[in-house]
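First up is the structure itself, then whatever we jot down about it.
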Amino acid sequence: TSEVNDLNEFNMGEKIQKDLNPTYGSIQALKTRTGDVVVLAEDKILKVLANKDAVFNADGDPRLIATNRTLGQAIPFSGDYGISKNPESLASDQYRLYFTDKQRGAVLRLSMDGLTPISNVGMKSWFRENLKLSKNIIGTFDVVNGEYNVTIEYLEGQGEYEAETNDGIGTTIDNWIADPNRPAKAKTVSFNEGAKGWVSFKSFIPQAAQSVAGKYLAARYSKIWEHYREFDNDGIAVLYSNFYGTQFESRFTVVFNDMPGTVKHFNTINYEGSQSFVQQNTTD
């Protein structure tokens, strides 16, 4: 009625503080939900009841007591995981939270069924080896494809070089040579909720990205770029695998024989798509 709710006031005389176990490490990120706040510490993930009364049993006494503390009970999630010191890896989609734990070499998803290490789905060894070599771990959620994109920027002298690409004049060069502003060694890999697994490595390396109004927007070179656009501002069709003004190649690897001791026979292999990329060699 007065249009004043005092949410901008932090009066230390009120019950607004909550102490957590210091063994959980420093608090790296906070994420509000409907009735609680998710606290992401270095070595533990907790939820803290926020701005509502909670009912407790008073030391075995059958009587119930209520508290009006702004921050109520802190409940740790099952699993010895945290967010290490990479709060930039946190991304959210509706009721799901995605983040990485560099110290334990894992990628986590926090949903209604608790904490799940999604890096175990076929990528356990890869993340265990690559996360420890990282300098930055940028996590973004692509609402268009329903994918959590993890971008790993490696420390100097670590990691693998980017895939090769064509520079438009018939020669093949490394991406980091063609683009001096791009991290020399970086990888983006995507987890898809529909497929329940890691579906692809990506060519784009964003500095930051966010899903807004059904669009996936990314920041690179002091500009905002929109993914999945069919035409640019001049009405010119945007080519596939063209990210932030650089054209990349689309490539895939097929693993046929999952059991080396078994000989397999393939009668037909179907291909569906447009004309594949042809790199001509007229020099020899």
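The values are calculated or read from the model by the stated rules, or taken from the named source; none is laboratory data. Because the structure is predicted, anything quoted here is derived from the model rather than measured. Here the Cβ is made from the backbone with ideal geometry for all residues, glycine too, and neighbour counts use every protein chain on show. Accessible surface areas use protein heavy atoms only, side chains included; no ligands, DNA or RNA. Shrake-Rupley method; radii C 1.70, N 1.55, O 1.52, S 1.80 Å.
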> Based on the mean of other beta carbon atoms within 10 Å per residue, what is the order of 134-143, 7-16, most packed first?
Replying inline: 134-143, 7-16
>> If DNA, RNA and ligands are ignored and the probe is 1.4 Å, what is the ranking of Lys18, Lys196 by accessible area, most exposed first?
In response: Lys196, Lys18
> Label-point separation (nm) for Val144 and Asn233, each offset 7 Å from Cα along Cα-to-Cβ?
Replying inline: 1.8
> Which peptide among 70-80, 89-99, 274-284 comes first, and what is the full order, when sorted by highest mean count of other Cβ atoms within 10 Å?
Replying inline: 89-99, 70-80, 274-284
>> I need the peptides 207-219, 241-253 ranked by packing, meaning the mean over residues of other C-beta atoms within 10 angstrom, with the highest value on top.
In response: 207-219, 241-253
>> If the reach is capped at under 17 angstrom between alpha carbons, list the lysines near Lys202, excluding any in the same chain fewer than eight residues apart.
In response: Lys185, Lys187
> Short version: ³J(HN,Hα) in whole Hz for each residue of the range 276-284, in order, from phi by Karplus 6.51 cos²θ - 1.76 cosθ + 1.60 (θ = phi - 60°), x for Gly and Pro, what are they?
Replying inline: 6, 6, 10, 9, 7, 10, 10, 9, 9
> Given the Cα-Cα distance of Gln17 and Asn136 and 0.36 nm per residue of separation, how much length would full extension add, in nm?
Replying inline: 39.7 nm
>> Leaving ligands and nucleic acids out of the surface, order Val37, Val150, Val4 by accessible area at 1.4 Å, largest first.
In response: Val4, Val37, Val150
>> Tell me the per residue accessible area of the range 207-274 using a 1.4 Å probe; a whole number in Å² is fine.
In response: 87
> Which FRET efficiency value, to the nearest 0.05, is calculated for Thr253 and Arg33 with the Förster distance at 45 angstrom and r the Cβ-Cβ distance?
Replying inline: 0.70
